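Trainee: Handing you a structure now.
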Amino acid sequence: MDIALKTARIALVGNPNSGKTALFNALTGAHQKVANYAGVTVERKEGVVRAAAGRSMSVLDLPGTYSLRARSPDEEVTRDAVLGRLAGETPPDVVVCVADATNLRLVLRLILELKAVGRPMVLALNMYDIAQRQGLRIDLDGLRAELGVPIVTTVATRRRGVDDLIAAIETQAEMAALSDSRWRSPDAAELRAAAREAERIMKAHVRPPERPDTLTGKIDAVLLHPVAGLAILLALLFVMFQAVFSWAAPLMDGIEGGIGWLGGLVAAVLPDGLLQSLIVDGIISGVGSVLVFLPQILILFLFIIALEDFGYMARAAFLMDKIMGGAGLHGRAFIPLLSSFACAIPGVMAARVIDSKRDRLTTILVAPLMTCSARIPVYTLIIAAFIPNETVWGFANLQGLVMFGLYAAGIVSALLVSLVIRKVFWRGAVEPFMMELPTYKVPDLKSVAFNLWLRAKIFLNRAGRIILPAVTILWVLATFPYPPENATLPAIDYSFAGMIGRALEPIFAPIGFNWQMVIALIPGMAAREVAVAALGTTYAIADAENATGLLASTLAAQWSLATALSFLAWYIFAPQCVATLGVVRRETNSLKWTWIMIGYMFGLAYLASFVTYHVARALGGG
Amino acid sequence: MTDIIKLSQARRGDRGVIVEVGGHTHHQANGVELERRLLELGFVEGARVELLHEGLFGRDPIAIRVDDMRVALRRHEAASLTMKRDLA
Ligand SMILES: Nc1nc2c(ncn2[C@@H]2O[C@H](COP(=O)(O)OP(=O)(O)OP(=O)(O)O)[C@@H](O)[C@H]2O)c(=O)[nH]1
Ligand SMILES: [Mg+2]
């Protein structure tokens with residue numbers, strides 16, 4: 001009775017990519033990231049399930065693992081949670097082992113290990129839809145008797161079997177006896193014995209599929225082909241960045257028009273004065289100049305989400321492994337780096353899958369060089385203002401090509417920096433690369449759409465939480481104090497922002513930045529896209545009379561090409577994102593390495609901008 | 001001619017059975033750990049393997065079918081695995 005009333009704590013454990021997070025989402029209604037590759041979840045996440053009769057259970061989603069013998073930080077999270085090793089924590093009341101029903105051999109060995117922990121267990125045979133489609137025969141009763149644990153079949157992505165699972169968990173929480181943990185790290189001989197036992201159970205209770213999946217092999221024959229595979233990977237990236245440019249254009253025009261219309265409306269309704277200036281020049285120009293980029297960011301995410309769900313990520317890692325290894329990067333560094341295209345924060349977190357400490361640190365140090373989606377507004381703004389929209393070589397859009405070049409610059413510099421770290425600071429043995437290649441899955445349209453919607457919400461949320469306050473403060477700084485009576489320059493030159501900008505201008509003059517850009521860089525430390533908003537606000541206030549509302553055309557008129565290119569070069573390298581720095585600090589647990597990263601990134605940014613600016617001027621772009 | 005080879009010497013299309021895991025030339029500590037990792041990934045004596053794909057540069061890394069799953073690894077690690085190749 002007592003136990004039943006207390007909220008039971010359950011933990012989801014299993015091999016990577018078996019559907020633990022999908023099941024967690026189905027149980028708790030959460031929206032944690034689900035994708036078709038091993039190592040998506042790298043930290044523990046807690047949620048609540050409302051069971052029958054109004055009771056609730058707390059559920060823990062954990063990183064996937066092949067054994068409790070943890071080697072990398074993500075596997076340690078799982079081991080510590082299962083064994084209750086964290087301070088003030090006991091082992092979970094029920095361990096739910098989530099298995100991919102189509103791939104049981106390895107998880108059977110894990111179950112034998114989990115049984116030694118002595119907690120009540122439930123086995124969720126997930127992906128049962130695929131098992132049935134393949135005509136896989138699993139003798140559930142036999143398996144249940146053999147393993148001595150209740151078995152529930154589930155289809156996590158369709159929420160099928162969830163109620164049965166909850167019922168089984170509740171029964172186990174009430175009935176099953178606890179015993180002390182007998183678990184200890186198995187040695188090679190014990191692993192062999194356990195594998196033989198798993199093989200025996202497999203033979204006894206699982207008939208091979210009548211219609212095994214042959215599609216994955218056929219697709220791999222093309223996508224992993226030594227030459228065609230690499231060509232397809234390059235083509236995919238190329239199409240992705242072109243699409244970011246060309247598909248988004250009409251939508252962006254629409255949003256831009258809407259924002260211009262809104263600004264005009266407010267300007268017409270409100271009397272001239274401070275309030276009008278705050279709303280039109282400050283907020284609408286500032287936040288609006290970033291909102292315009294929503295379509296581009298969603299298109300990028302559409303590609304990333306679709307490729308992740310399809311199962312392509314592990315293939316891309318396979319194709320790129322030799323190049324990554326040549327740069328001294330760990331084989332598993334690819335997925336953290338690729339995740340950084342979305343945002344460096346999940347990228348830095350994903351480095352937890354790397355077991356070697358040094359390799360993990362190298363990956364973390366270079367991850368912020370990958371072109372994150374917050375750079376898109378900066379890049380696009382400058383490209384739209386300075387690079388002609390024309391077709392080259394008969395098929396490629398020049399603006400898209402420059403974008404592709406900026407992405408390539410990020411990738412190449414990440415590889416070079418890691419090579420330098422490897423050669424200069426430590427030269428250890430090459431770390432192993434071993435990775436499961438998951439079976440391909442057709443991405444589910446509904447879930448892709450839902451994830452896009454989540455991304456849009458995050459983007460809009462950032463606009464409200466970070467950009468809005470930043471531009472409001474900037475508006476205050478750029479408006480006060482008022483210019484003197486006999487002012488000859490624009491009012492903004494006499495404001496605090498003008499003073500700060502002018503004071504710092506000498507530092508940035510050698511790389512061609514004017515003081516408006518310097519001002520934009522300061523709030524731009526909060527997040528990269530804030531710089532765009534800040535430029536929007538600054539130029540709107542500076543030129544309130546004939547503001548067209550189109551930041552790109554203002555910039556095209558005011559900046560030289562050399563300055564614009566220098567600004568782009570700056571943004572390839574500069575660590576303009578406090579949130580990333582915070583996560584690096586937490587994940588490396590070292591202030592020293594965080595400062596080293598800040599130092600080298602600003603150093604490279606300044607150097608790259610300096611070279612770009614002077615070369616561009618020498619070539620006549622001044 | 002014996003058809004016992006290191007998995008690292010296998011070529012695309014080769015298939016057979018793993019006969020030995022470990023017994024390699026790595027550093028002692030690394031070797032012990034690598035052996036356990038390989039065992040946990042399903043590379044145990046008796047497992048059926050087939051080399052499915054090779055990378056472009058130096059035919060590295062390789063994609064292997066181990067029983068009913070697919071695994072990518074570098075030839076460097078595959079040197080710790082010995083297989084008995086099926087006769088064609
Ligand atoms: N068809 C089908 N697909 C599923 C099912 N459950 C999960 N998936 C898919 O399997 C893949 C892996 O799911 P995740 O929930 O991310 O797996 P995970 O166990 O959390 O993986 P890690 O966090 O990497 O350990 C995703 O592509 C899911 O959409 C299922 O029951 N049926
Ligand atoms: Mg997960």
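The values are calculated or read from the model by the stated rules, or taken from the named source; none is laboratory data. Worth saying up front: this structure is predicted, and the values here are computed from it rather than measured. Cβ sites come from the backbone with ideal geometry, for glycine too, and all protein chains shown count toward neighbours.
Trainee: Taking region A:117-142 as the search range and keeping residues that are more than 16 Å from ligand 1 (Cβ to nearest atom) and basic (Lys, Arg), which one is nearest to the other protein chains (Cβ to nearest Cβ)?
Mentor: A:137
Trainee: Among the candidates A:40, A:77, which residue alone is away from chain B (no Cβ under 14 Å), within 12 Å of ligand 2 (Cβ to nearest atom) and closer than 27 Å to residue B:65 by Cβ?
Mentor: A:40
Trainee: Checking the condition over 21 Å from residue A:538 (Cβ atoms) and either in contact with a Phe, Trp or Tyr (Cβ under 8 Å, 6 or more places away or on another chain) or surrounded by 19 or more Cβ atoms within 10 Å (Cβ to Cβ) (or both), which residue from A:612, A:563 passes? Even if it seems obvious, please write down each step before you answer.
Mentor: Working: A:563 fails: over 21 Å from residue A:538 (Cβ atoms).
Criteria check complete, one pass: A:612.
Trainee: If a residue must be closer than 22 Å to residue A:190 by Cα and facing chain A (nearest Cβ under 7 Å), how many such residues does region B:47-68 contain?
Mentor: Adding up the residues that qualify gives 1.
Each row is one residue, and each column tells you yes or no for (1) surrounded by fewer than 16 Cβ atoms within 10 Å (Cβ to Cβ); (2) within 14 Å of chain B (Cβ to nearest Cβ).
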| site | (1), (2) |
| --- | --- |
| A:434 | no, yes |
| A:439 | no, yes |
| A:462 | no, no |
| A:469 | yes, no |
| A:478 | no, no |
| A:483 | yes, no |
| A:491 | no, no |
| A:505 | no, no |
| A:508 | no, no |
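Trainee: Sticking with this structure for a sec: Confirm whether residue A:114 is over 18 Å from residue B:69 (Cβ atoms) and within 14 Å of chain B (Cβ to nearest Cβ). Reasoning before the result, please.
Mentor: Details: over 18 Å from residue B:69 (Cβ atoms): yes; within 14 Å of chain B (Cβ to nearest Cβ): yes.
Answer is yes for this residue.
Trainee: While we're on this one: Does residue A:56 meet the test of being of a type in the set (Gly, Ala, Ser) and within 13 Å of ligand 1 (Cβ to nearest atom)?
Mentor: no
Trainee: Let me ask you something else. Kindly state which helices (runs of 4 or more DSSP H) lie completely within region A:278-356 and contain at least 3 residues that are of a type outside the set (Ser, Thr, Tyr), within 13 Å of another protein chain (Cβ to nearest Cβ) and out of contact with any helix residue (DSSP H, G or I) (no Cβ under 7 Å at 6 or more places or on another chain).
Mentor: A:312-326
Trainee: Another question, then. Yes or no: region A:244-259 includes at least one residue that is more than 14 Å from chain B (Cβ to nearest Cβ), surrounded by fewer than 21 Cβ atoms within 10 Å (Cβ to Cβ), on the phi > 0 side of the Ramachandran plot and not in a helix (DSSP H, G or I).
Mentor: no
Trainee: Evaluate the following for residue A:129: is it more than 18 Å from residue A:168 (Cβ to Cβ), buried (at least 22 other Cβ atoms within 10 Å of the Cβ) and at pLDDT 95 or above?
Mentor: no
Trainee: Anything in region A:1-31 that is at pLDDT 95 or above and part of a loop (DSSP other than H, G, I, E, B)? List them, or say none.
Mentor: Result: A:14, A:15, A:16, A:17, A:18, A:19.
Trainee: Please state which one of A:206, A:152, A:227 is within 14 Å of chain B (Cβ to nearest Cβ), of a type in the set (Val, Ile, Thr) and within 27 Å of residue A:68 (Cα to Cα).
Mentor: Only one candidate qualifies: A:206.
Trainee: Moving to a separate point now. Against the conditions (1) at pLDDT 90 or above; (2) touching a His at 6+ places or on another chain (Cβ under 7 Å), where does residue A:356 fall short? Just the number, please.
Mentor: Among (1) at pLDDT 90 or above; (2) touching a His at 6+ places or on another chain (Cβ under 7 Å), the lone unmet condition for residue A:356 is (1).
Trainee: Still on this structure, I have one more. Which residue is farthest from residue A:80 (Cα to Cα), if the candidates are limited to region A:6-36 and must be among the charged types (D, E, K, R) and in contact (Cβ under 8 Å) with a residue 12 or more places away in the chain?
Mentor: A:33
Trainee: So, one more: Which ones in region A:3-36 are among the aliphatic types (A, V, I, L, M), more than 8 Å from ligand 1 (Cβ to nearest atom) and out of contact with any strand residue (DSSP E or B) (no Cβ under 6 Å at 6 or more places or on another chain)?
Mentor: Across region A:3-36, the qualifying residues are A:3, A:4, A:5, A:26.
Trainee: Checking residue A:123 against (1) within 16 Å of ligand 2 (Cβ to nearest atom); (2) part of a strand (DSSP E or B); (3) of a type outside the set (Asp, Glu), which single condition isn't satisfied?
Mentor: Every listed condition holds for residue A:123 apart from (1).
Trainee: Report yes if residue A:190 is in contact (Cβ under 8 Å) with a residue 60 or more places away in the chain and more than 16 Å from ligand 2 (Cβ to nearest atom), otherwise no. Outline the logic, then answer.
Mentor: On the way: in contact (Cβ under 8 Å) with a residue 60 or more places away in the chain: no; more than 16 Å from ligand 2 (Cβ to nearest atom): yes.
Here the answer is no, as residue A:190 does not meet what is asked.
Trainee: I need the full set of residues from region A:11-37 which are among the aromatic types (Phe, Trp, Tyr) and either more than 10 Å from ligand 2 (Cβ to nearest atom) or within 14 Å of another protein chain (Cβ to nearest Cβ) (or both), in order please.
Mentor: A:37, the sole residue that qualifies.
Trainee: Now, a different point. Kindly indicate the residue of region A:80-107 that is buried (at least 20 other Cβ atoms within 10 Å of the Cβ) and either in a loop (DSSP other than H, G, I, E, B) or without any contact (Cβ under 8 Å) to a residue 12 or more places away in the chain (or both) and also farthest from the other protein chains (Cβ to nearest Cβ) among those meeting that condition.
Mentor: A:93
Trainee: I'm trying to understand the selection: among the residues of region A:37-68, which are among the β-branched types (Val, Ile, Thr), touching a strand residue (DSSP E or B) at 6+ places or on another chain (Cβ under 7 Å) and in contact (Cβ under 8 Å) with a residue 60 or more places away in the chain?
Mentor: If the condition is that a residue be among the β-branched types (Val, Ile, Thr), touching a strand residue (DSSP E or B) at 6+ places or on another chain (Cβ under 7 Å) and in contact (Cβ under 8 Å) with a residue 60 or more places away in the chain, then A:49 is the only one that fits.
Trainee: Here's something else I'd like to know. Restricting attention to helices (runs of 4 or more DSSP H) lying wholly within region A:433-537, give those where 2 or more residues are more than 30 Å from residue A:355 (Cα to Cα) and within 27 Å of the chain's Cα centre (by Cα). First the steps, then the outcome.
Mentor: On the way: elements: A:445-462, A:468-479, A:496-508, A:515-521.
Qualifying helices (runs of 4 or more DSSP H): A:445-462, A:468-479, A:515-521.
Trainee: Right, here's the next one. Among the candidates A:59, A:77, A:49, which residue alone is assigned to a helix (DSSP H, G or I), surrounded by 19 or more Cβ atoms within 10 Å (Cβ to Cβ) and not small (Gly, Ala, Ser)?
Mentor: Values: A:59 fails: assigned to a helix (DSSP H, G or I); A:49 fails: assigned to a helix (DSSP H, G or I).
Answer to the check: A:77.
Trainee: If you check residue A:41 against the conditions, is it more than 9 Å from ligand 1 (Cβ to nearest atom) and among the polar types (S, T, N, Q)?
Mentor: no
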